[in-house]
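Read through the structure below, which is laid out as structure tokens, and then see the notes.
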Amino acid sequence: MGKLIEIRDLSKVYERGKQKVEVLHHIDLEVAEGDFVALMGPSGSGKTTLLNLIGGLDLPSGGSISVGGQRIDQLGAGALAKWRAAKVGFVFQFYNLMPMLSAQRNVELPLLLTKLSAGERRKRAAIALELVGLADRASHKPTELSGGQQQRVSIARAIVSDPTLLVCDEPTGDLDRQSAQDVLALLRALNRDHGKTIVMVTHDPKAAEYANHTLHLDKGTLVEQATA
Amino acid sequence: MKYLHLIWASLFRRKTRTILTLVSIVAAFLLFGLLDAVRTSFAEAGQSANGAQRLQTGSRLSFIQTLPQSLEARMAQVPGVKSVTYANWFGGAYQDPHNQVFSFAVAPNYLDLYPEMAVSADERKAFEDTRTGVLVGEGLARRFHWKVGDRIPMQSTIFPDRSGSKNWVFDIKGIIHSTDKKTSGFFDQMLLLHWSYFDDTTPYNRGQAGWYVTRVTDVNQADRVAKAIDALSANSDHETRTQTEQAATASWMKQLADIGLIVTSIMGAVFFTLMLLAGNTMMQAVRERTGELAVLKTIGFSSTSVLAMVLAESVLLLVLGGVLGIALAEPLIPLISHGSNGMLSLAPVGPGSWALGVSLMLAIGLLVGAVPAWSAMRLNIVDALARR
């Protein structure tokens, strides 16, 4: 398979007041299309920073990131937003659903950025909810759903616009063991059956077992590459 | 439009707070509707088709200064003048000093210059034949349950009779029916008595007229006629100022109070308070939703879209409350007019008031939404998601 993500000499420096903190140091990384990669490492090792850079939420201080052949580090804010809308789905630890919208409306959100009709948006959101096993919960608000169900709604939202890449930041970090397994099984199915490339940050070695590869970050440097 | 449900849901995310803010906006725009009706009513006073043909001549010094009655004959000689009449303010009150009545002592031909006031021929004849006779407006008669034939006591707040008493007695001889809807609020409330009776009875007048009314032969010559009339008393101790009826009414009202300024000042204070209130609501609403706005940006909403959505939310809040407030003013205005027994004849909320109201809603909505929208636009996704 070809490379979907290609990172060269990537570094990221944050300025905290007068202090400069280099979070990532000269990282080189390639992720193949259709791969499922887990990023592990201690707190402060730079996992989320790397994930944010891959997802186009932040810009690097040095080096380059190409996703699907596109240099996203060279895109302006507007173009980057469009790129994210078209190419990336995001899954967060705390689900980040809109509390005032139903599950259906939450899933529809990314489709508001497309030219699809309201009917087509509803249809696609229903399919996504069906795929995560929550078709019967479409009209429920997030507060009426369990943590595991909310995370599945957020996965439906991440896949509804059929992105190439899913970036997941601790997707099971706030879930009980059973819900975590359900969510991970769902992510594996999306990877295996639907060809989604997934990069997942996790602290949990059991969660990492669902991935094809596990990358370890320590103090902003990739230290080891393991294959599942 | 496809973002409307999202904007609507965001607006009512905290229902109690939004509803309380909405109630404040409704109250502010209800007040705007009512005060604008007052302003419009005062601005439109004296504006009628017939009024355009009439000039009013009063003292250049003040509207309470009187003019010699001898001016009448000289004014009638001015080219372009068709007819002249005169009147005095009587300042009558019925039973209670609070029951003020628009009462004028008028010359015999006064009604001839006011086709807006219709009186039946019999009643007019009876009025002319009775020295203590008065004509009363339809609304006024209704207000005090008067009818033709009644003898009514009136108290002048200004003029006593020769014995020093301010109590006058009049005989109602006819009812004035207003023929012009626009000015009916005024004519409906009038009481007209004979100038000659007034002049003979009070020692305070002695052949003086409060003001003159002139009907011109050609409206286009009104300016020239006005100047010619004022030239009659130039450099005398009773210099005059002649204006169109509309300008005279406006100037008279301005001497009483600058209604426009009062209304503008009150509304300025109300809307300033409203801006602080709605601005605070929007700031809180956006601050609480920092994480949600960051998620919107994460999934691809541009900074400009987020800015537009927050602004739209703010404008929607103002428009919802504002439209409801002005719409509530619409049925209240006739109720207030009716409740005042015609003393207050408020103009209905017209297209002008709606246009001004909607412009204010949009302007205030944009103003109060500007700062939170700007913050939302500049929101850094990574910091917001990390709750930094």
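None of the figures in this text is laboratory data; all of them are computed from the coordinates on show. Quick caveat: nothing in here was measured; it's all calculated off a predicted structure. Here Cβ is always computed from backbone atoms with ideal geometry, including for glycine, and neighbour counts include all displayed protein chains.
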Taking a cut-off of 28 Å between Cα atoms, list the lysines near A:Lys47, but don't count ones fewer than 8 places away on the same chain. A:Lys3, A:Lys12, A:Lys18, A:Lys20, A:Lys82, A:Lys87, A:Lys196, A:Lys206, A:Lys219, B:Lys297
Tell me, how many Å apart are the Cα centres for segment A:98-166 and for segment B:265-298? 29
Expected output is a single nm value to one decimal: the length gained when fully extending between A:Asp9 and A:His26, i.e. 0.36 nm times separation in residues minus the C-alpha distance. What is it? 5.7 nm
Return the ratio Rg/(2.2 N^0.38 Å) for the protein assembly as shown, where Rg is computed over Cα atoms only. 1.58
Quick one: compute the contact order of segment B:66-237, relative version, from alpha carbon pairs under 8 angstrom and 6+ residues apart, as a percent. 34
Lys/Arg +1, Asp/Glu -1 at C-beta; the protein assembly as shown dipole; positive extreme among B:Phe301, B:His145, B:Val319: B:Phe301
Which log10 I(q)/I(0) values, to two decimals, does segment B:171-306 give at q = 0.17, 0.20 Å⁻¹ under the Debye formula with one point per Cα? -1.24, -1.32
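Where in chain B are the DSSP H helices whose C-alpha atoms run 27 Å or more along the long axis and whose mean Kyte hydropathy is at least -1.0? Provide the component values of the computation, followed by the final result.
Details: long enough: B:15-44 (42 Å, 1.18); B:259-288 (43 Å, 1.36); B:303-339 (53 Å, 1.69); B:351-377 (36 Å, 1.48).
Span-like helices here: B:15-44, B:259-288, B:303-339, B:351-377.
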Answer in debye to the nearest 20: the dipole magnitude of the protein assembly as shown about its Cα centre, from +1 Lys/Arg and -1 Asp/Glu charges placed on Cβ, is 600
Ranked highest first by average number of other Cβ atoms within 10 Å, how do A:197-203, B:368-374, A:117-123 line up? A:197-203, B:368-374, A:117-123
Using a cut-off of 16 Å between alpha-carbon atoms, which lysines can reach B:Lys82, once sequence neighbours fewer than 8 places away in the same chain are excluded? B:Lys227
Where the Cα pairs of chain A fall when distances are cut into 5 Å bins, in %: 1, 7, 15, 18, 20, 16, 12, 7, 3, 1, 0
Projecting the Cα atoms of A:Ser102, A:Cys168, B:Ala386 onto the charge dipole of the protein assembly as shown, where Lys and Arg contribute +1 and Asp and Glu -1 at Cβ, the residue farthest towards the positive end is A:Cys168
Taking the radius of gyration and the Kirkwood hydrodynamic radius from Cα positions alone, what is the Rg/Rh ratio for segment B:66-237, to two decimal places? 0.99
Rounded to whole Å, give me the distance from the Cα center of segment A:178-228 to that of segment B:103-166. 98
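Roughly how many debye, to the nearest 20, is the charge dipole of segment A:61-158 about its Cα centre, given +1 on each Lys and Arg Cβ, -1 on each Asp and Glu Cβ, and no other charges?
240
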Stick to the Cα atoms of chain B, pair each with every other, and give me the Kirkwood hydrodynamic radius in Å at one decimal. 24.7
Would you work out the relative contact order for chain A, in percent, from Cα pairs under 8 angstrom that are 6 or more residues apart? 28
Give me B:Thr18, B:Thr290 sorted ascending by neighbouring Cβ count inside 10 Å, so fewest comes first. B:Thr290, B:Thr18
Take the alpha carbon atoms of segment A:47-64, find their center, do the same for segment B:51-71, and report the distance between the two centers in whole angstrom. 84
If contacts are Cα pairs under 8 angstrom and at least 6 residues apart, what is the relative contact order of chain B in percent? 27
Taking 0.36 nm per residue of separation and subtracting the Cα-Cα distance, what length does fully extending B:Ser165 through B:Phe12 add? 48.4 nm
Residues A:Val153, B:Val38, A:Val13, A:Val31 in order from fewest to most other beta-carbon atoms within 10 Å are A:Val13, B:Val38, A:Val31, A:Val153
Quick calc: nm separation of the 7 Å Cα→Cβ label points for B:Ala93 and B:Ala76 -> 3.8
Based on Cβ point charges of +1 for Lys and Arg and -1 for Asp and Glu, what charge dipole magnitude is obtained for segment B:66-237 about its Cα centre, in debye rounded to the nearest 20? 80
If you take every residue apart from B:Asn99 with its C-beta less than 15 Å away from the C-beta of B:Asn99, what net charge results, scoring Lys and Arg +1 and Asp and Glu -1? +2
